[in-house]
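Working notes, structure below.
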Amino acid sequence: MEKRIYILVPETVQILVPEQYDFSDHAAWLRDQTYNYFPEYLETIQMESGRLMAQAFHVGRKIERSYSYKKYEEITAIVLAVRNTKELEKVGNEISGSIRRTSTLNCNFQYEEFWDHNPEFYGTEERIHTITAFGPTTQEQMESFIGHLNLYK
């Protein structure tokens, strides 16, 4: 079975609009609840292909570097699209939760996230979750988590 590195990229990201509400004194879970219950505090930003590919490259290299203590091995990278921040976090949480519960995936692979910091692009000083990546692993191990996702175009 061919091992692959899977990289999930969002078509859009949702950011908290700083002028709308100050979340600094609240727990991180409250920010998560905002996606579901307070959409008026969110701004949607269309992601740019070049930006996503550069970030995907960084995360893919990070996984490759952690895996490269062995001899060089060519590993295919697959970039899959998710609709938005909420879906990126949902799929990432399912995979990382399964890793923590361990035997579900019987895994020996790395999980990484990329949090971009670019106030000019996003309009905030906050770091924005833009990439989730994991691998090397097989398609069979990941099918239940990513089988519904399409290749990024």
* To do: Can you tell me how much longer the chain between His58 and Glu94 gets when fully stretched, taken as 0.36 nm per residue apart minus their C-alpha distance, in nm with one decimal?
  => 10.7 nm
* Report the extension gain between Arg65 and Arg51 in nm, rounded to one decimal, defined as 0.36 nm multiplied by the number of residues separating them, less their alpha carbon distance. => 2.9 nm
* Take the Cβ-Cβ distance between Asn150 and Glu125 as r, set R0 to 30 Å, and report the resulting FRET efficiency rounded to the nearest 0.05. => 0.35
* Could you tally the net charge around Pro119, taking each other residue with its Cβ under 13 Å from the Cβ of Pro119, Lys/Arg +1 and Asp/Glu -1? => -3
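Just so you know, all these numbers are worked out from the coordinates, no wet-lab data involved. What you are looking at is a predicted structure, and each value in this text was computed from that prediction instead of being measured. Backbone-built Cβ (ideal geometry, glycine too); neighbour counts: all protein chains shown.
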